[in-house]
Amino acid sequence: MFDRLKRALVTSFVGAIALGWLFAQGILHFASIFSAPIAGWLMRREYSGLMQRCNAATRFSLQDALPELVKSFSILLVGYFLLRWLYFTPLEQSTTEPGLEQSAQS
């Protein structure tokens, strides 16, 4: 079953498009590692003026980058394993072709 899926993904280029999309998402989430702490800091600073009793710290926190780091790492890891599975191991060539099989039976 996995051989048929692999053959379909490799020969129709759907696998290459999906891998490109996965790697693009991984890179976008990696870039968000740097922008998420700044966005969180700006949001906390903006809302601290609206709240009467604000105990939340309005300092710059690197903890806002952790979810994006995990997303980026996991997406890139899945993309790497799919790349190895689809393209680093060659497709097994079938010995008979469907057209030859039908003409031999006739």
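In the condition set (1) in a helix (DSSP H, G or I); (2) exposed (fewer than 12 other Cβ atoms within 10 Å of the Cβ), residue 90 is compliant with all but (1). Within the set 69, 42, 82, 50, the sole residue that is farther than 22 Å from residue 6 by Cβ, at pLDDT 90 or above and either open to solvent by 60 Å² or more (accessible area, probe 1.4 Å) or aromatic (Phe, Trp, Tyr) (or both) turns out to be 69.
For region 6-13, the criterion of being among the basic types (Lys, Arg), surrounded by fewer than 11 Cβ atoms within 10 Å (Cβ to Cβ) and out of contact with any strand residue (DSSP E or B) (no Cβ under 7 Å at 6 or more places or on another chain) is satisfied by no residue at all.
The values are calculated or read from the model by the stated rules, or taken from the named source; none is laboratory data. Here the structure is a predicted model, which means the values were calculated and not measured. Methodologically, a virtual Cβ is constructed for each residue, glycine included, from the backbone with ideal geometry; neighbour enumeration extends over all protein chains shown. Side chains are part of the model used for accessible areas, which takes the heavy atoms of the whole protein and leaves out ligands, DNA and RNA. Shrake-Rupley method; radii C 1.70, N 1.55, O 1.52, S 1.80 Å.
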